[in-house]
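The values are calculated or read from the model by the stated rules, or taken from the named source; none is laboratory data. Note that the structure is a prediction, hence the values are computed from the model and not measured. Cβ atoms come from the backbone with ideal geometry, glycine included; neighbour counts cover every protein chain shown.
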Amino acid sequence: MSFAEGLIPLFAIIFSFGIPGIIIFFVIYSKHREKMRLIEKGLTPEEAKLYFKDFKQKTMNPFSALKWGILFSFLGAGIVIANILETKYDFDDGITFGIVLLSIGLGALLYYVIMGIKLKSNPNGNSKISTN
């Protein structure tokens, strides 16, 4: 067993426990620092909650499942088509990767067209639907 092979378990333990520990420490420390700054400014927790109330509310996209469903469906179809063409016609890896990216782009375009139709056919004339 060489010296490099002996370091593999050591690095595995460090990366398995050390990096998540550093992330947890950073999150706890940043929350503590935020609370200390609020105390320095003289704000009570209730005032801080009222101040940050608007920032935490995000507009929900009712069509996000549609977006991700279309994108993942086209991604899967692109991978299947690329694998079939690669095995049958012996394409290069670059062409198969291009087919996968093209299928994702087609899925995004399909979502754009569907959302355009939905926004035009909105009976209320309310175009507050977020497409993110």
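Odds and ends about this structure:
- In the range 49-98, residue modelled with the lowest pLDDT [restricted to those that are among the aliphatic types (A, V, I, L, M) and closer than 26 Å to Met115 by Cα]: Met60
- Among residues of the range 1-29, those that are hydroxyl-bearing (Ser, Thr, Tyr) and loosely packed, with under 10 Cβ neighbours inside 10 Å, counted: 1
- Contact map, the range 107-119: residues that are closer than 9 Å to Lys67 by Cα paired with residues that are assigned to a helix (DSSP H, G or I) and polar (S, T, N, Q), Cβ distance under 7 Å, separation 6+ or inter-chain. Pairs shown: Gly107/Ser73.
- Listed by first and then second residue, the pairs linking a residue in the range 67-80 that is touching a residue at least 24 places away in the same chain (Cβ under 8 Å) to a residue that is basic (Lys, Arg), with Cβ atoms under 8 Å apart and 6 or more places separating them unless they lie on different chains, form an empty list.
- All of (1) in contact (Cβ under 8 Å) with a residue 24 or more places away in the chain; (2) surrounded by 13 or more Cβ atoms within 10 Å (Cβ to Cβ) hold for Pro62 with one exception: (2).
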